[in-house]
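The values are calculated or read from the model by the stated rules, or taken from the named source; none is laboratory data. Because the structure is predicted, anything quoted here is derived from the model rather than measured. Here the Cβ is made from the backbone with ideal geometry for all residues, glycine too, and neighbour counts use every protein chain on show.
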Amino acid sequence: MNIQEAKEEIIRTVRAYLAKDEDGSYLIPRERQRPVLLMGAPGIGKTAVMRQIAEELGISLVSYTITHHTRQSAIGLPVVSEKRYGGKRCSVTEYTMSEIVASVYEQIERSKIAEGILFLDEINCVSETLAPTMLQFLQYKRFGTHEVPAGYVIVTAGNPPEYNKSVRDFDIVTLDRVRRLDVREDFPVWKKYALRQGIHGAVLSYLEIKKDRFYSVRAAAGGTRFVTARGWEDLSDSLKVYERLGLSVEREFAASFLQDPEIAEDFSIYYELYRKYRTQYRIPELLRGERPENTGQLKEAPFDEKLSLIGLLVSALGQEFQRWALELSVQRELFEILKTVRDMLSRGELREGSNAERKAGSTAPELRGQCIYLKDWLEATLRAQRAQLKEREEAQLLGREEAQRERGLLLRLQELCGEMLRERRADYSFLKQRFAISEEERRAREQETDRHLTNVFRFLAETFGEQQELVLFLSELDAGYYSLRFVQETGNEAYYRYNRILLLKDRREELKEEVMRLL
């Protein structure tokens, strides 16, 4: 199965393992809850997918690489204690709590969430001294004498022996205690993830042209040459920052992420072409609906060049779609806060204005149970949101998108508090006015993005006609999380029009083929 299918199966497994009956007992007894074993090549996203699962299910994640542990850190250190057996005092050996089990309890304390996933990576690379302990752990969910808290599902991961010399093959006894899921690399599945994560357009375009370079492991005279999904993502992150800071990207840059000289060199050459196309075809002008003179030669250009241009357009639009989604989510959160203010004012729990007599540096006013001033309430809400964000970040409960939204909301609340202070206004009508202005600005940017998308459709249709280039562009939009969401929520007319045209065209081709077969 691919990593997306494995993710969906693990989600189903976690839900089944955590399901309880009317008496609060697990429907599947803990001793029958087999740990999941994800077996697959390194760098295909096993660790990343665990974070996604925990985020989607609203549970915690405690992650460890088991090869970093010795027997002592896994099961705890021995301590001597006194016991009485048969009327005699005896010295016995006990063990301190395992570092891994202790981390689970600490996560429960930090997050205030009792359910989660304990993820142990590289489980089939444990040392010889730790191997018997792992068998006990897989069967009884305990390290030494200390059990993993109820409510935590155990997921493990390992690499096949061809990828890791330290691998110890599991025997039948061990394999009979786990649910094994074999995972393979899959570029189309990774591409959906990459589009949502904002992977650099050069990486996506290159891999679209040369899909066989997405994942590669081969033996060579100087050692194993390999390229993984993790390598492409890390390359993308650094590439975006280098471009933002105006740093030069040398040919050796790619080789530090892609451990295959041939692929690294090939990507470096492509990246130089990608930058050339970005300058040559003036992407910002195309988005605005302008037609640079040199676009006329595109129809006869090699297919790789056309694909690169489509990648550049998708990447530029993708940044706008992502910004639109973030602004919309922040604005919706802010709208909910304004509704709360309105309701509290109507109930007499808030009064407009500010408490000028409150001493600087005093504790935040209580948010309920008494009538307080609007400005004080807003400042208290800002402090509470900031504290909550810090707690959730420390407990590792926030995904990248959610963290961006929360920080965006904090910034807007901070701006509102500052505007109230500068304008000496602390009334609901002022808040509504500021919200209306920001919403008008957001809608203007939304309409601009809509125009840019329409302009790209027009450019592709006029340049290439209703051919494969337009089909590829539509396919990229359909595969992207933010692009599809933008179209669904705003309703871009050009998208629906060209979709209908191409669907009818496909249907006509199918009918022609049917007729030809009958003849």
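Brief remarks follow.
- Residue count, the stretch 13-27 (criterion: modelled with pLDDT under 90 and part of a loop (DSSP other than H, G, I, E, B)): 5
- Flag for Val183 being in contact with a Ser or Thr (Cβ under 8 Å, 6 or more places away or on another chain) and among the aliphatic types (A, V, I, L, M): no
Results for (1) among the aromatic types (Phe, Trp, Tyr); (2) in a strand (DSSP E or B), shown as yes or no for each residue.
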position	(1), (2)
Glu109	no, no
Leu120	no, yes
Phe137	yes, no
Thr156	no, yes
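- The stretch 387-399, residues that are touching a residue at least 24 places away in the same chain (Cβ under 8 Å) and surrounded by fewer than 16 Cβ atoms within 10 Å (Cβ to Cβ): Glu391, Glu394, Gly399
Residue by residue, here is whether (1) assigned to a helix (DSSP H, G or I); (2) exposed (fewer than 14 other Cβ atoms within 10 Å of the Cβ); (3) in contact with a Ser or Thr (Cβ under 8 Å, 6 or more places away or on another chain); (4) at positive phi holds:
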| site | (1), (2), (3), (4) |
| --- | --- |
| Arg422 | yes, yes, no, no |
| Ser429 | yes, yes, no, no |
| Glu441 | yes, yes, no, no |
| Glu446 | yes, no, yes, no |
| Thr454 | yes, no, no, no |
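- Meets criteria (part of a helix (DSSP H, G or I), touching a helix residue (DSSP H, G or I) at 6+ places or on another chain (Cβ under 6 Å), at pLDDT below 85 and farther than 18 Å from Glu147 by Cα) for Thr47: no
- Of everything listed in (1) surrounded by fewer than 17 Cβ atoms within 10 Å (Cβ to Cβ); (2) more than 26 Å from Glu5 (Cβ to Cβ); (3) not acidic (Asp, Glu), the single unmet condition for Ala202 is (1).
- For the stretch 176-189, the set of residues classified as farther than 30 Å from Asp212 by Cα and free of Cβ contacts under 8 Å to residues at least 40 places away in the same chain consists of Asp176 only.
- Filter pass, Ser236 being part of a helix (DSSP H, G or I) and either polar (S, T, N, Q) or surrounded by 16 or more Cβ atoms within 10 Å (Cβ to Cβ) (or both): yes
- The single condition among (1) at pLDDT 90 or above; (2) exposed (fewer than 11 other Cβ atoms within 10 Å of the Cβ) that Tyr85 does not satisfy is (1).
- Residue in the stretch 319-341 that is free of Cβ contacts under 8 Å to residues at least 12 places away in the same chain, surrounded by fewer than 18 Cβ atoms within 10 Å (Cβ to Cβ) and among the aromatic types (Phe, Trp, Tyr) present: no
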